[in-house]
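S.K.: Sharing a structure, written as structure tokens. Questions coming.
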Amino acid sequence: GGSDGALMRFPPESTDPANAGLSIIQDLLLKVKKRHPEISFADLWAYAGALSVEFMGGPRVPFSFGRSDAPAGTHRGPIENGRLPDAAQGAAHLREVFHRMGMSDRDIVALSGAHTLGRCHQTRSGFDGKWTHDTLAFNNGYFVNLLHEEWVPRKWDGPLQYQDKRSGELMMLPSDIALLSDPVFRPIVELYAMDEGAFFADFADAFGRLIAQGTPATPPAKAGGCPFAALAAKGMPPPPSHAKASAELREHA
Ligand code: HEM
């Protein structure tokens with residue numbers, strides 16, 4: 001596994017239901033690829049993931065280049081689909097999936113915090129809704145909501161998922177709720193809900209290792225960051241081209 005090769009361009013990864021929707025952002029990134037053909041798709045996708053965390057207000061994710069693209073039609077070997085995490089399952093399944101990638105229990109909780117972003121789409125995963133009210137801000141809101149809201153099974157004609165009792169506007173997957181009931185995961189959820197800095201540090205470390213899995217691109221201790229985040233820190237607006245790309249992304253996502 002891992003991002004090397006950019007095998008998500010070909011079946012079976014391109015047709016894995018767990019990857020549904022990723023082609024939208026891959027298509028948007030084609031514009032960057034056309035302007036900078038020297039970057040591999042594998043590096044481009046991983047770099048976009050790292051930069052977007054920082055751009056949305058999160059930590060700088062360690063990143064280095066060096067992935068290459070496998071030639072068209074390459075199959076990743078005998079490994080079939082179904083090894084990505086299944087949201088309908090619990091703590092034992094999360095451990096099975098993430099431990100084999102060298103991730104610890106603490107990494108599992110930190111990485112799950114990415115659900116502070118975005119939402120579930122019925123047409124893609126069958127689940128529906130968002131984890132936080134501000135889906136484009138990277139913060140510890142996922143953990144605050146997970147811990148402090150009351151979660152009840154949603155009554156609907158779809159797979160088991162949970163909704164918050166207070167607003168009814170937020171959701172959690174069974175795999176998210178599993179973090180609350182597990183005696184090892186729960187104290188880590190409590191830590192991140194209280195201490196955003198601890199979450200940011202652990203997320204950057206775990207996500208940096210995740211996107212470097214199986215690649216020659218070992219994350220460096222210090223990495224170049226998002227140029228737009230640097231502008232924002234100086235109180236300067238991003239260039240207009242960036243604002244346009246951002247608007248397009250929102251429209252498509
Ligand atoms: C812990 C195991 C995980 C499970 C079971 C899981 C499951 C899911 C599911 C079912 C969706 C909804 C997809 C859709 O309907 O569009 C989703 C969305 C998302 N996941 Fe995860 N995920 C996991 C881990 C991760 C990790 C490790 C990351 C990144 C570090 C991540 C980042 C995201 C993001 C950003 C979205 C929102 C996508 C969008 O807005 O279109 N997830 N996840």
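All of the numbers you see were taken from the coordinates with simple rules; none came from a lab. Everything numeric here is computed off the predicted structure, so don't read it as measured data. Note that we place each Cβ from the backbone using ideal geometry, even for glycine, and neighbour counts take in every protein chain shown.
S.K.: Per 0.36 nm of contour for each residue apart, how much would the distance between His133 and Phe65 grow if the chain were fully extended, relative to their Cα-Cα spacing?
M.R.: 21.1 nm
S.K.: A follow-up question, please. Modelling each spin label as a point 7 Å along the Cα-to-Cβ direction, I'd like the Arg124/Leu160 distance in nm, to one decimal.
M.R.: 2.4
S.K.: Then there's this: Label-point separation (nm) for Glu38 and Val152, each offset 7 Å from Cα along Cα-to-Cβ?
M.R.: 5.9
S.K.: In region 38-78, which trypsin sites (Lys or Arg not before Pro) fall in coil by DSSP and have 13 or fewer other Cβ atoms within 10 Å?
M.R.: none
S.K.: Looking at region 56-162, which GluC sites (Glu not before Pro) are in a loop (DSSP not H, G, I, E or B) and have at most 10 other Cβ atoms within 10 Å?
M.R.: For GluC sites (Glu not before Pro) across region 56-162 that sit outside H, G, I, E and B with at most 10 neighbouring Cβ atoms in 10 Å, the list reads Glu80, Glu150.
S.K.: Write down, largest first, the equivalent ellipsoid semi-axes of region 151-210 in whole Å, where each equals the square root of 5 times an eigenvalue of the alpha-carbon gyration tensor.
M.R.: Values for region 151-210, descending: 26, 13, 12 Å.
S.K.: Another question, if that's okay. Pop out the ³J(HN,Hα) list for region 82-88 in order, Karplus 6.51 cos²θ - 1.76 cosθ + 1.60 with θ = phi - 60°, rounded to Hz; leave Gly and Pro as x.
M.R.: x, 9, 7, x, 9, 5, 7
S.K.: Region 58-102 to region 1-54: how many Å between their Cα centroids?
M.R.: Each part reduced to its Cα centre gives a spacing of 13 Å.
S.K.: Moving on to the next point. Once you put a point 7 Å from the Cα of Ser104 and another 7 Å from the Cα of Asp195, both along the Cβ direction, what distance in nm separates them?
M.R.: Label at Ser104, label at Asp195, 1.3 nm between them.
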